[in-house]
Amino acid sequence: MGNNKTSSLFIIGNGFDISHSLKTNYNDFKKYLIKRFKIKDPDSGIFDYVDLPSINSKTLEYNEEEIVMLVIDIINKVEGKKWSDLEKNLSLIDFSMYLEEFDEPENFKEIYLRNDEKSQSFLTFLEIKKYFRDWIKSIKIEKAKHKNDFQKLLNIDSDKFLSFNYTSTLEITYRISKENICYLHGNAKEKDELYFGHGEETENYKEKDDFEYDKYETQNNIIESLKKDTNEVLKRNKNFFSNLKNIGKIYSYGFSYGKVDLIYIEKICKEINTSNVVWYFNDFDSEAEIKKYIEIIKKLGFRGKVSTFHIER
């Protein structure tokens with residue numbers, strides 16, 4: 001006879017870490033950068049004239065402080081409090097304002113020199129991931145506040161955990177085996193590649209003169225470098241998703257259903273016969289938010305029942 005015993009799947013977002021008293025908001029990332037690089041008076045207007053970081057096209061050396069200033073400037077432009085807000089905004093920022101220093105050149109020699117400099121400048125954005133990893137590794141996970149209500153939901157031997165976080169809170173605080181956890185976007189304490197960013201397509205810019213074309217290409221290179229490759233993430237974690245057949249309950253904790261991450265929710269709905277599944281949302285979220293989340297999962301193929309669960313604050 002087959003084993004019909006069902007398990008639970010926990011979808012863990014950044015709100016999970018925040019509810020455990022960890023400083024993992026994107027504004028905490030900003031505070032970390034300000035403290036680490038001793039940036040003074042971050043709200044005094046020094047970010048009114050932030051330029052695109054310069055890079056030596058031969059040595060690929062760059063000014064580290066310029067990159068940090070740019071990251072902080074990007075964070076300052078974000079509206080909202082969730083990681084999904086930051087990721088979404090990475091595709092909406094008008095990076096042309098950082099390219100204003102590259103005014104239309106006067107001669108062909110200047111065109112060549114400036115194009116070479118611009119073509120390399122977007123590479124500095126790749127350094128954001130390095131600072132991001134350093135910040136995550138600096139967070140003291142052992143200070144996380146244990147939640148008894150959450151512990152009671154768990155069967156740590158059979159339950160599966162889809163974590164959108166880069167931290168090891170599940171392992172350290174709840175002693176969950178990493179074999180049962182899919183760190184979808186990487187684990188900062190390991191040597192994993194960290195995935196974060198937006199999911200939008202870059203603009204298909206129309207025909208322009210050579211200078212304007214190059215300017216748009218540079219901006220698209222920047223936006224592309226800040227994109228999260230969700231298809232690659234799915235490919236790397238296909239075994240986890242294919243082993244979700246016996247899931248009977250799904251708990252969503254601290255996950256905000258940002259557009260860039262819905263491809264994974266759709267994958268869950270395809271892999272599981274959701275007709276017999278109950279999807280639980282944390283009642284910490286407002287009724288309006290939960291209603292929106294329910295609409296999203298139904299559009300992505302969920303056919304089961306929905307309910308809520310409570311975690312004491």
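Results, tabulated for the structure shown:
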{"quantity": "Enumeration of residues in the range 239-268 that are over 21 Å from the mean Cα position of the chain (by Cα) and buried (at least 21 other Cβ atoms within 10 Å of the Cβ)", "calculated": "Ile250"}
{"quantity": "Filter result (in contact (Cβ under 8 Å) with a residue 40 or more places away in the chain, in a helix (DSSP H, G or I) and among the hydroxyl-bearing types (Ser, Thr, Tyr)) within the range 229-264", "calculated": "Tyr264"}
{"quantity": "Qualifying residues in the range 272-305 (those that are open to solvent by less than 60 Å² (accessible area, probe 1.4 Å) and part of a strand (DSSP E or B)) - the one farthest from Gly248 (Cα to Cα)", "calculated": "Asn282"}
{"quantity": "Residue that is out of contact with any Asp or Glu (no Cβ under 6 Å at 6 or more places or on another chain) and modelled with pLDDT of 75 or more, where the choices are Glu207, Glu200, Glu193", "calculated": "Glu193"}
{"quantity": "Any chance Ser21 is part of a loop (DSSP other than H, G, I, E, B), at pLDDT 90 or above and surrounded by fewer than 14 Cβ atoms within 10 Å (Cβ to Cβ)", "calculated": "yes"}
{"quantity": "Selection within the range 240-258 - of a type outside the set (Ser, Thr, Tyr) and in contact with a strand residue (DSSP E or B) (Cβ under 9 Å, 6 or more places away or on another chain)", "calculated": "Phe240, Phe241, Asn243, Leu244, Asn246, Ile247, Gly248, Lys249, Ile250, Gly254, Phe255"}
{"quantity": "Condition check for Asp48: in a loop (DSSP other than H, G, I, E, B), over 30 Å from Phe164 (Cα atoms) and at pLDDT below 70", "calculated": "no"}
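The values are calculated or read from the model by the stated rules, or taken from the named source; none is laboratory data. As the structure is a computational prediction, the values presented were derived from the model and not from experiment. A quick note on method: Cβ atoms are made from the backbone with ideal geometry, for glycine too, and the neighbour counts reach across all protein chains shown. Each accessible area value is taken on the protein alone, full model and side chains, heavy atoms only, with ligands, DNA and RNA left out. Shrake-Rupley method; radii C 1.70, N 1.55, O 1.52, S 1.80 Å.
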